[in-house]
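Before any comments, here is the structure.
Where a number appears in this text, it was derived from the coordinates with a stated rule and is not lab data. Note that the coordinates shown come from a computational prediction; the quantities given were computed from them, not determined experimentally. Cβ placement follows ideal geometry from the backbone for every residue including glycine, while neighbour counts extend to all protein chains displayed.
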């Protein structure tokens with residue numbers, strides 16, 4: 001780099017984010033269970049909407065996302081004017097950091113939280129503050145104790161990634177109530193749709209001025225390749241975010257697919273039910289093999305092993321069997337492997353491979 005040309009402070013402290021692997025050398029029948037993707041894929045309605053939108057690729061997309069915001073409003077009972085659409089929910093979280101934090105400020109998150117949270121903090125020159133969890137569950141008291149006059153944002157994922165655990169509405173409300181007056185609470189609900197009847201914080205957003213919730217189309221809706229997410233918050237916050245986002249941040253195809261996906265509630269419910277069935281079976285089968293996990297409310301389980309050595313050995317055994325899961329030492333969980341819930345055949349294949357690793361006939 002030329003003399004004198006330097007990035008902003010904190011940028012070079014960022015470790016590059018690594019997505020889940022999808023290929024193994026010399027293996028053709030790879031089972032990818034490393035990125036929490038929906039094995040059922042997007043609904044037919046979403047695919048058809050995307051195909052129709054291809055005819056208008058010469059035109060710029062809308063700048064106001066009105067049709068998608070209206071669909072989200074209809075399905076989730078939120079005020080369309082207070083819905084913000086971004087390039088995945090991570091984009092919404094990133095823009096919150098850009099808008100509300102900077103040098104001298106602090107962004108608080110928990111020790112096993114999504115690995116992008118410290119990246120968002122470093123990118124804007126803010127100080128990341130890591131708070132311990134209690135047995136892989138968000139600890140509201142620990143978060144409140146870590147907050148002070150410099151705290152501008154608190155990020156929590158509920159359900160959590162990679163833990164799969166969650167805290168109840170009363171605890172989230174207690175957290176929002178106890179934050180300093182200058183602090184915004186961002187509820188990352190990437191996995192919210194996998195929890196039956198869960199509003200992901202909507203009621204709290206409607207009743208307070210310091211809470212924003214985010215959602216994504218990458219998980220239950222099966223549109224990870226489209227990169228669409230949304231946020232819901234106080235009007236003042238949404239107005240700020242709209243001032244700094246790109247005017248054409250979502251493509252015509254992505255907007256069309258997401259609108260159709262959110263309206264196809266039958267497909268969403270089918271995916272939720274099937275995920276719960278396969279998840280609970282896989283968690284139970286692995287527990288019988290001596291591989292426990294916390295009760296997951298998402299589309300993955302966090303399998304716990306005796307120590308890091310056993311977790312790494314199991315990961316290697318799975319790779320030899322053509323199965324890719326996610327090592328989570330970078331999340332402070334070196335003795336664990338995060339395993340996406342695939343379809344029934346995928347779940348059985350994983351359990352069989354781990355049984356062989358453990359020396360158990362299954």
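Descriptive notes on the structure:
- Among 86, 229, 56: highest mean-square fluctuation, GNM of the chain, C-alpha pairs under 10 Å: 56
- Gyration tensor (alpha-carbon) shape descriptor, the range 168-324, a/c threshold 1.5: prolate
- Whole-Å distance, taken between Cα centres, linking the range 257-308 and the range 150-175: 20
- The mean sequence separation of alpha-carbon pairs under 8 Å and at least six residues apart, normalised by the residue count of the range 44-264, gives a relative contact order of 30 percent.
- Placing one equal scatterer on every Cα of the range 57-173 and applying the Debye formula, the log10 ratio I(q)/I(0) at q = 0.17, 0.21, 0.22 Å⁻¹ is -0.95, -1.17, -1.21.
- Per-residue extension of 0.36 nm, minus the Cα-Cα distance of residue 55 and residue 135, leaves a gain of 23.7 nm for this segment.
- Gain in span if fully extended, residue 329 to residue 273, counting 0.36 nm per residue against the direct Cα distance: 17.1 nm
- Most fluctuating residue given options 217, 198, 109, as computed from a GNM of the chain linking Cα atoms under 10 Å: 198
- If R0 is 51 Å, the Cβ-Cβ spacing of residue 307 and residue 66 corresponds to a FRET efficiency of close to 0.45.
- For the range 125-181, relative contact order (Cα pairs under 8 Å, six or more residues apart, normalised by length) works out to 38 percent.
- Overall, the ratio between the Cα radius of gyration of the range 107-155 and 2.2 N^0.38 Å, rounded to two decimals, is 1.07.
- Sequence of 338, 319, 245 once ranked by neighbouring C-beta atoms within 10 Å, starting from the fewest: 319, 245, 338
- Residues considered: 207, 43, 296. Largest GNM mean-square fluctuation over the chain, using C-alpha springs under 10 Å, is found at 207.
- What the Cβ-Cβ distance of residue 145 and residue 81 gives, at R0 = 30 Å and to the nearest 0.05, is a FRET efficiency of 0.25.
- For the pair residue 15 and residue 30 in one chain, pulling the backbone fully straight at 0.36 nm per residue adds 2.7 nm over the alpha carbon distance.
- Virtual spin-label span in nm between residue 40 and residue 209, 7 Å along Cα→Cβ: 4.2
- Antiparallel %, DSSP beta bridges [both residues in the range 44-264], to 5: 35
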